[in-house]
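Written out below as structure tokens is the structure these notes cover.
The values are calculated or read from the model by the stated rules, or taken from the named source; none is laboratory data. Source: prediction; values computed, not measured. Neighbour counts run over all protein chains shown; Cβ positions are idealised from the backbone, glycine included. Keep in mind that these areas ignore ligands, DNA and RNA; they rest on the heavy atoms of the full protein, side chains included. Shrake-Rupley method; radii C 1.70, N 1.55, O 1.52, S 1.80 Å.
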Amino acid sequence: MKTSVVFSAVLSLLSLASRGSAHGHHHHHKHSDSGTSSASAPATFTPPQVFKNVNLVHIVSLEKNYVKESINVVIENIDKEVQSDYILPFTNEQLSRLGGLEVRDRKNAESGPFVVEPVEFESFGPNQYVRIRLPTPLAPGAQQTLGITYYLLDAYKPLPASIKQEEQQFLSYSFSAYCPSVYATSKQKTEVKFASTNIPDYTKLPGSGDVKEFPQKQGSKLVYGPFDEKPAGALELVQVRFEFNKPVIHISRLERDIEVSHWGGNVAFEERYDLEHRGANLSSLFNRVKWQQSQYYNPVTHALKEMKFPLRVGSADPYYTDVIGNVSTSRFRSNKREALLEIKPRYPLFGGWKYPFTIGWNSDAKNFLRNTATGGFVLNVPFLEGPKQPEGVEYEQVVVRLILPEGAENVKWTTAIPKSSISEAGVQIHKTYLDTIGRTALVIKGRNLVDDFRDRDLTVTYDYPMSAVLRKPLVVFSSSMAVFVSLWLLSLINLKFTARK
């Protein structure tokens, strides 16, 4: 039952995202999932055998603290009719952790990402399916080369689960050496990439041809295959265990506020992080003395010691706080070429430890805002910034709240973030001091994102009529006048006591 609930949530997420009208349209309310109801959805789904995978290369990258999978596949229409839907399988468990799914034509780099949507049906088996819509239907016997990429969060298990603070950290990951597919595959291989050449354990399989055993180890890479013809649904589960002596940074929630002020000519950013280290736990209590002594040698460690936030050039007035208050262990470097905020937590973070914190900064509005020919405004900001770490950063939930001036209207938006990772969007009212009707706030919720999507744009267009522009100074003026008039009226009241005659 739990799996069904998880998939239902993800299914609605993908369904919302796949509707092209969600991007670049006027939003006055939250998306409502008004698509195919379960009552009209088919009871089961069997992918029609209309394609075959002629040649497939499956790349599994374990170089960061999330998994990036790439499938480069030549597909062929083996049916007698034209076909436009290619089906991709995922397990229920994978779907809850899946993000950033994008599909492109490998032979046409200029073409945009294909439309991706869930296949809706009533029964919940072990697999669920995603439909990739080919922009141009494929004729019988014709071939096309697809480039499919996606990310899986919370993917590793530390092995051992507990280590000493000075010991090396090893992670394990399980997957199929045959790329999961609903179609027969004529030829394929799976490449597994690591950040280190230290890969002490991995599943071995019988080889083929001149190769006696799979995988072949090539430095920091393992290659399973090439394999000959495999039927639809063929799987070969394998496990790898590898050194990952770096922090496993997981952001369970990021709230990113972007506040635009036309009168102040300023854009203010604030980011609130719920951070967790998902690596191996400490097998004994943290020893601060031993930690301080080891820092003289600056050894490689799985503890999180610092984070670096590259900001847009021109950023200023940074701050860094946590639940205790202001944190002084930060450094900000700003010049004409860069703006870099470096922060250190109050204590090093080891596996299982959590650290909520907040950072913020200001920037000149002219770096992000411009006028349109029709008198409106275009705001172009990064959807996601965040720390840039060599080990990578994964985000389970991201809430971007773009607070526009009071009276802003006709809000439209588009983003380069994959549509499959946008779960909800809508315009709300945000009230602060000296507001009359409240500020227009665009709220976009994303999930299962990674730092590979840093600096992908969020573009927002809106109108800001003159009546709204003048509203705040009129409110300030009238409020001030009301105070002065009240004081003047009070001064006319005679409070002196006069003696009776």
Can you flag which of K68/K189; K164/K204; K68/K388 are past 19 Å Cα-Cα? K164/K204
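Classify segment 195-296 from the C-alpha gyration tensor, please: rounded if a/c falls under 1.5, else prolate or oblate depending on whether a/b exceeds b/c. Intermediate results must be reported in sequence, preceding the final value.
Details: a/c = 3.29, a/b = 1.65, b/c = 1.99.
Oblate.
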Sorting W353, W263 by accessible area (1.4 Å probe), largest first, what list results? W263, W353
Counting other C-beta atoms within 10 Å, and keeping those with at most 10, which DSSP coil trypsin sites (Lys or Arg not before Pro) do you find in segment 313-358? K336, R337
Ignoring ligands, DNA and RNA, what accessible area per residue does segment 49-243 give at 1.4 Å, in Å²? 44
Summarise the accessible area of segment 49-243 (1.4 Å probe, protein heavy atoms) by the percent that is carbon and sulfur. 48
Taking amide H positions as placed 1.01 Å from N in the peptide plane, with prolines and chain starts having none, which residues 5 or more places from V130, or on another chain, fall under 5 Å of its amide H? L88, F90, V119
